[in-house]
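I have placed the structure first, in the form of C-alpha cells, so that the comments after it can refer back to it.
The values are calculated or read from the model by the stated rules, or taken from the named source; none is laboratory data. Quantities reported herein were computed from a predicted structural model and do not represent experimental measurements. Every residue, glycine among them, receives a Cβ derived from its backbone with ideal geometry; neighbour counts consider all protein chains shown.
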Amino acid sequence: MICPYCSAELPDDAQYCSECGGDVTVTQTQLAKTSHADAHTNISRVSGEIEKQRNAKLGVAVVVGVSAIAVILAIIGLALLF
C-alpha cells in the first residue's frame, strides 16, 4: 500500500503511515472531500503559530533592549557621582 499523504511504501495492513503519521484507512474519496478544507485549516493554524512565535521574539527583543538601556544609564549615573 502507498500512503496517500507522503507516498511512502507501507504494509497492506497498516492503519497509520510510519513516515508521516497519516491515517491510511481513509479512502481516496474521503481524502479528496476533506483535503481542501483541512489544508485551509492547517495553513491558518500554522500561520497563527508563526505569528505567535514572531510576537514572542519581538517581546524578548524589547525587554532585552530596555534592560540594556537601563544598565547603561545606571553605569552613567554611577560614573557621574564619582
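Side notes on the structure shown:
- Residue check for Ser7: modelled with pLDDT of 85 or more, surrounded by 10 or more Cβ atoms within 10 Å (Cβ to Cβ) and part of a loop (DSSP other than H, G, I, E, B): yes
- Boolean, Ala56 is modelled with pLDDT of 75 or more, of a type in the set (Gly, Ala, Ser), in a helix (DSSP H, G or I) and within 27 Å of the chain's Cα centre (by Cα): yes
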